[in-house]
Amino acid sequence: MLIPHPLLGPRDAQEFTYLGDASLLNRPDGLADTAPEAFNDYVYLRDNPAGLHRELWFHEQGDRSWLIVTRNTVTHEILGAELARDVALAAMGGAQ
Amino acid sequence: MTRLSGGLIDRGTTLNFTFDGRAMTGHPGDTLASALLANDVRLIGRSFKYHRPRGLVAAGSEEPNAMVELRTGARQEPNTRATMAELFNGLSARSQNRVGSLGFDLLAVNDLMSPFFAAGFYYKTFMWPKAFWEKLYEPMIRRAAGLGSLSMLPDPDSYDKGFLHCDLLVIGGGAAGLAAALTAARAGAQVILADEDFRLGGRLLAESHALNDAPATDWIAQIEAEFASLPNLRVMTRTTVFGAFDHGIYGAVERVGDHLATPGQNVRQTLWRITAKRTVLAAGATERHIPFANNDRPGVMLAGAMRAYANRWAVSPAQSVAIFTNGDDGHRTALDLAAKGVTIAGVIDTRAGARAQGDYPLFAGAVVSDTKGRLGLKRIAVTREGQTQWIEAGALGVAGGWNPNVHLASHHRGRPVWNDDLLAFLPEPGAVPGMVVAGAANGQGSTHAALQSGAQAAIDALAGLGMTAHQPDLPRAEDAPVNQAAFWHVPGKGRAWVDFQNDVTVKDIKLAHQENMRPVEHLKRWTTLGMATDQGKTANVTALAVMAELSGQSIPATGTTIFRPPYTGVSLSVLGAGDTGTHFRPRRLTPTHTWAADQGAVFVEVGQWMRAQYFPRAGETHWRETVDREVLATRAGVGLCDVTTLGKVDVQGADAGEFLNRIYANAMGSLKVGMVRYGLMLREDGHAYDDGTCARLAEDHYVVTTTTAQAGPVYRHMEFARQCLWPDLDVQLISTTDAWAQISVAGPNARKLLERVVDGFDLSNAAFPFMACAELSVCKGLRARLFRISFSGELAYEIAVPARYGNALMARMIALGADLGATPYGTEALGVLRIEKGHAAGNELNGQTTAQMLGMGRMVSTKKDSIGAVMSRREGLTAETRVLVGLQPVDASARVAPGMHLFTEGGAQNTDTDQGWITSACYSPHLGSMIGLGFLANGADRMGEVITAANPLEGQSAALRVVSPHFVDPEGGRLRD
Amino acid sequence: MTDLTPIMALGGQSARTQILGALTLSETPDLALASLALRRGTVQPVPMGLPLPGPGGWTAGQGVSAFWTGPGQWMIEAVGRADTGIEQALKHAAPGCSVTDQTDGFAAIEITSSAGGAPIRALLEKLVNLDAAGFGPGSATRTGLEHMTVFVIRRSEDRLAVIGMRSLAGSLWHAVERAARHLQEGTQ
């Protein structure tokens, strides 16, 4: 597979380490009253779609960026990749 | 048999080779197959199941029968297709799958037993009695099965790998592929043209057709000359593209040296990983045969192969040849062979209205219904309108139509589509993104159509990349339409082979049909059809057609046949494509490796690292003797150990402290500059992940350590936290594991030794207390870092210097500390020291344990949010009562082993009564017995109790007393002195 | 100056060199390395007069050069300055940035060709999964090489650097040397 790195262009998937669902970015507040339930969902509950999936890949043998790659799990087609940091910052901006 | 006229062989040079010990000759340009035919060899091997005599069927990589053992000694290679083995001087080949001689194979008795060996035989027969499987059936089947044999010696050759990138990959160097490559290369694209043959031209080399009224080789030579002038085109012959993977990645094997007498002088084969933006698949087509009774005798072959042997290699399998065909293509073979002086005994055409196209006997509306000849074809039975006559023929060419080579187009599970006009499966358009199929592989099999479609495919492919290519001037070529009538097999009572290599007959397919194994997938598994090394290239579609006929359905309704990689067999050696032995995988050496090796250290692999395990001295006869000495010397004087392998991460930034607060369970932000703190990391699910130390060098600068094993994953985890969870924090991370040589200096004399190397630094307890750290200089100006931390329970430090000075610093300290008892110790002693002190390590931090179990539950701060903190407090984990304890045998001579499970003394020993397990154990020279660490239910409340540790598998059992895990200095006074 | 004697990453007292056909492999002695990372709000500096390159790039200045290693991160190289305290010099030249000495973290193999760029491209094809044709002078990237992580820098048409973890220097040298030897033998 080739991962279209947003800064470095297409790179072989062997350079990357896979983590999983990009929902891992949405870590709950550990000090909130609802933390136990929220963390149960965060740690254990995932969608497992046949189709488009936003997932985390680490460019381990590369620039050490975490990417969010949108991949069709049925066809392996990759529709795009973003720097996870940018996505996380944007989400924080939106929340504030 | 003498050679025919013409052919693409160099008659001026003679090559000597042997087959089953017989000396023979051939010429450059020959394959082993063509050379064997030229030497009148028709019987080449024995079939897999029935040990039937077999000869050549094909002329290319689809060959199902003619598999030989090539070469001798360590280079002996089984299952080499004679059709793909280029002849070289001194080649030695042997027939295989025989017991006794090739002419009289003892296992040919299987053929007489064939009624018992029908499809499903193994499944049904060897089911019972159950105990017979392991002892009798399997060994027997294994001995009888398998083709060829291995040398059992290490492969002496070297294999290589590489990576290529291109705009367009053209797979196949026949008419379509040449046209595609020419078109694309002229347009300036980066092009790779790969072909499995050693010569470009594909089927053009096998036919007698002219291009522009001249031999096809003239045009090929002209194209090759132009290719040589185009730097953007890479031509790779002897290269099989074996798989189409995701996103334009293709696997290819280049047989660099297989055609040389000594293949491995340089590289034998190279595994190429080709990343192509676009691909033209021009893999051609494979002819299919028509099963009839006893159609597997040597001499019965594909008509197109026969034509190839005559035209390219100037050989014919016999002086008198017959052709069995369901279309015009068989007549071509008759004409080409007749033109070379071969007698055509007859053309048997299944079409009633067929006409002879030359001067040969024609049997229209007839079929071949049987054959005779024990070790080679002698006669064929021709049946027309119920009347059978036998005619003499030394060989029979069978032309059942052509199957496009759709293999690579179906590697992404694209399902080939049936075409009723062509009576063939064509590739599903777009099945592999970026791939365009051209030529015979796409059903465009006339030379004209192949050339045109190849060029057009290149134009279309490059257009997708925004590049403009133009149709080149292509030569005038034949453009005969496909004229054939569907005819799939000759019904009859005798066995008619469909899959030669796995001995699957029409009867087997009938049986599968009877037993309701009708879907193609079931058919395949029940009969083993297409599961041999040739993957059924000449069999699958025919089998599907037979099944369709039996079930009264159309072929497309019956199913389709798809292929997986590899296209042809790929050796494991080239898939490894790298070094064996020492360099099988990368090895990391510590900064003091050279020094340790000079001391005679014994090394141990710890992940990629090579670490000194112990340092034996003259007279020490057992590793334990050495390790005991190293441990005692450390506790009595001072020991030195290279601990560079621990991961080190430099953490900087205004929010470094806050960041570490969030990734460690305990607080790090409050750490004072110049101090170190033990840190425990949890996984988000609440289990312990890793431990190490955090040293604060400045307000905005920490150095943290990880365990050796987790250095990579922990760094990745920290980057995840930094980039994905808290990108708003000002933190920068970088690994510095290799930058610093870090040496542990442990023991009561540690301070005295260090005082001799530091440059005027005050090491007194007041100035540099337990858990202090500092940047300083040593050995007259070398920058260094010093940490007062202990893994052994002794007064201890870790000193770090730039890695290139580590070797010299170790030697210096050992020399300076001679009077202090300075002793190097390895990982064994390191382990003993930490077990004696009750420090958790990888055995305890195994991913299944919690801070609470490790006795560090109170370290998980409730005042802040950190990774894993919330989940560590969930009921399931807090209810866990097993905690880390020390275990000491009641009988000092008892053995304690990791993995033993813990039970109440005298109680039952089963999973219900299980109370924990031993994680680490060693011999403690300090205590004079073995000791262990383990997790024990309610362990904290059971100090002094005697329990039983058991390993029921090996019948081991020991009575152990529960003690504090801190066997040495439980108050920790030595650390702080 | 310390009285300890350093050793090279490959274990010798001096740098290793080997000639294989058109290619010369040399272990680089005394290459000072330091990583540079922007902090929140810092303006991208021009340390030691060196314009820092963008993703995938390498730029050379007077005695120093730099390559991009990640978003907001670079590695600064200074040949012959291993013992001159590059960390302090860089901190001074790039105020407000995080700087970490990496001199001893890596081992560098410089590869020069006596026959132009073709042998370098051929070697790249055998070592790393990068588009060798597109990896021209001024390119630098981190990638995998025989299960090791390396920086690859195309310093010029006929010059390539492979920089790997210091502890892996022996395996890295072996891998590069093996590939170069196969190329040499293939052209004989």
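The values are calculated or read from the model by the stated rules, or taken from the named source; none is laboratory data. Being a predicted model, the structure only gives us computed values, none of them experimental. Please note: Cβ atoms are built from the backbone with ideal geometry, for glycine as well, and neighbour counts cover all protein chains shown. Calculation scope for accessible area: heavy atoms of the full protein, side chains included, ligands and nucleic acids excluded. Shrake-Rupley method; radii C 1.70, N 1.55, O 1.52, S 1.80 Å.
The residues of the stretch C:17-187 present an accessible area of 34 Å² per residue when probed at 1.4 Å with all protein chains retained. Extension gain for the segment C:Ile19 to C:Ala115, taken as residue separation times 0.36 nm less the Cα-Cα distance, is 33.3 nm to one decimal.
Against the compact-protein benchmark of 2.2 N^0.38 Å, the Cα-based radius of gyration of the stretch C:17-187 scales to 1.03.
How many percent of the accessible area of chain B is carbon or sulfur, using a 1.4 Å probe?
Values: 19320 of 36530 Å².
Here carbon and sulfur together make up 53 percent of the probe-accessible area.
Of the GluC sites (Glu not before Pro) in the stretch B:173-233, which ones lie in a loop per DSSP and count no more than 16 other C-beta atoms within 10 Å? Walk me through the intermediate numbers first.
Numbers: sites: B:Glu196, B:Glu207, B:Glu224, B:Glu226; in loops: B:Glu196, B:Glu207.
For GluC sites (Glu not before Pro) across the stretch B:173-233 that sit outside H, G, I, E and B with at most 16 neighbouring Cβ atoms in 10 Å, the list is empty.
Counting only heavy atoms of the protein chains and using a 1.4 Å probe, C:Glu125 has close to 40 Å² of accessible surface. Taken per residue, the accessible surface of the stretch B:291-370 reaches 25 Å², heavy atoms only and a 1.4 Å probe.
What does the charge count around C:Pro29 come to, taking other residues whose C-beta lies under 14 Å from its C-beta (Lys +1, Arg +1, Asp -1, Glu -1)? So the surrounding residues net to -2. Taking each residue as 0.36 nm, the span from B:Ser764 to B:Ala818 lengthens on full extension beyond its C-alpha to C-alpha distance by 17.3 nm.
Just to verify a number: FRET efficiency for B:Arg858 and B:Thr913, C-beta to C-beta distance, R0 = 30 Å, to 0.05?
E(calc), rounded to 0.05, equals 0.50.
Extents of the protein assembly as shown, taken as max minus min of Cα coordinates on every principal axis and listed largest first, are 113, 78, 66 Å. For the stretch B:917-950 and the stretch B:18-97, what is the separation of their Cα centres, given in Å? Rounded to whole Å, the Cα centres lie 66 Å apart. Any chance you could check the stretch B:862-893 for residues losing 40 Å² or more of accessible area when the partner protein chains are in, compared with the chain on its own (1.4 Å probe)? Hits at the 40 Å² cut-off: B:Asp865, B:Val870, B:Met871. With all protein chains in place and ligands, DNA and RNA left out, the 1.4 Å accessible area ranks B:Leu816, B:Leu786 as B:Leu816, B:Leu786, largest first. DSSP bridge analysis restricted to the stretch B:266-405 gives an antiparallel fraction near 45%, rounded to the nearest 5.
Rounded to the nearest 10 square angstrom, B:Trp526 shows an accessible area of 40 square angstrom against a 1.4 Å probe. The alpha-carbon of B:Lys49 sits under 30 angstrom from the alpha-carbons of these lysines, leaving out residues fewer than 8 places away in its chain: B:Lys124, B:Lys130, B:Lys135, B:Lys372, B:Lys378, B:Lys493, B:Lys507, B:Lys510, B:Lys524, B:Lys537.
Interface burial in the stretch A:1-41, defined as at least 40 Å² less accessible area with all protein chains than with the chain alone at a 1.4 Å probe, covers A:Met1, A:Leu2, A:Leu7, A:Leu8, A:Arg11, A:Asp12, A:Arg27, A:Leu31, A:Phe39.
Take B:Lys49, B:Lys780 and sort them by solvent-accessible surface of the protein heavy atoms, 1.4 Å probe, largest at the top. Could the numbers behind the result be given before it?
On the way: B:Lys49 35, B:Lys780 130 Å².
Correct descending sequence by accessible area is B:Lys780, B:Lys49.
Positive contributions from Lys and Arg (+1) and negative ones from Asp and Glu (-1), summed over other residues with Cβ under 9 Å from the Cβ of C:Thr100, come out at -3. With both residues required to sit in chain B, DSSP beta bridges show an antiparallel share near 75%. Using 1/(1 + (r/R0)^6) with R0 = 41 angstrom and r between the beta carbons of B:Ala959 and B:Arg874, what's the FRET efficiency to the nearest 0.05? Computed FRET efficiency for B:Ala959 and B:Arg874: 0.70. Dipole check for the stretch B:185-252: with +1 at the C-beta of Lys and Arg, -1 at the C-beta of Asp and Glu, and the Cα centre as origin, the magnitude is about 180 Debye.
Estimated at 0.36 nm per residue, the fully extended path between B:Asp213 and B:Ala485 surpasses their Cα-Cα distance by 94.9 nm. Give the residue from C:Gly144, C:Gly96, C:Ala108 lying farthest towards the positive end of the charge dipole for the stretch C:17-187; charges sit on Cβ (+1 for Lys and Arg, -1 for Asp and Glu) and the dipole is referred to the Cα centre. Ranked along the dipole, the leading option is C:Gly96.
Between B:Arg683 and B:Glu620, the C-beta separation translates, for a Förster distance of 45 Å, into a calculated FRET efficiency of about 0.60.
Before we go on, tell me the buried accessible area for the B/C pair, both chains summed, 1.4 Å probe, in Å² to the nearest 100.
That pair of chains buries around 4300 Å² in total.
For the stretch B:45-86, backbone nitrogen atoms closer than 18 Å to the point 7 Å from B:Asn16 Cα along Cα-to-C-beta are found at B:71-72. Where in chain A are there trypsin sites (Lys or Arg not before Pro) that are in a DSSP coil and have at most 15 other Cβ atoms within 10 angstrom of their Cβ? Here the sparse-neighbourhood loop sites are A:Arg46. The heavy atoms of B:Tyr50 offer some 10 square angstrom of accessible surface to a 1.4 angstrom probe. Residues of the stretch C:91-137 with accessible area at least 40 Å² lower in the all-protein-chain context than alone (1.4 Å probe)? By number: C:Thr100, C:Asp101, C:Gln102, C:Asp104, C:Glu125, C:Lys126, C:Asn129, C:Asp131.
Take the Cα of C:Ser156, go 7 Å toward its beta carbon, and the backbone nitrogen atoms of the stretch C:125-143 under 15 Å from that spot belong to C:137-139.
Loop only by DSSP, 15 or fewer other Cβ within 10 Å of the Cβ. Give me the GluC sites (Glu not before Pro) in the stretch A:56-87 that pass, ordered by residue number. Working shown, then result.
Values: sites: A:Glu60, A:Glu77, A:Glu82; in loops: A:Glu60, A:Glu77.
Passing both the DSSP loop test and the Cβ count: A:Glu77.
With all protein chains present and a 1.4 Å probe, how do B:Lys277, B:Lys372, B:Lys161 order by accessible area, largest first?
Values: B:Lys277 110, B:Lys372 90, B:Lys161 45 Å².
Largest accessible area first, the list is B:Lys277, B:Lys372, B:Lys161.
In the stretch C:17-187, the portion of solvent-accessible area held by carbon and sulfur atoms comes to 52 percent [1.4 Å probe, whole percent, DNA, RNA and ligands not counted].
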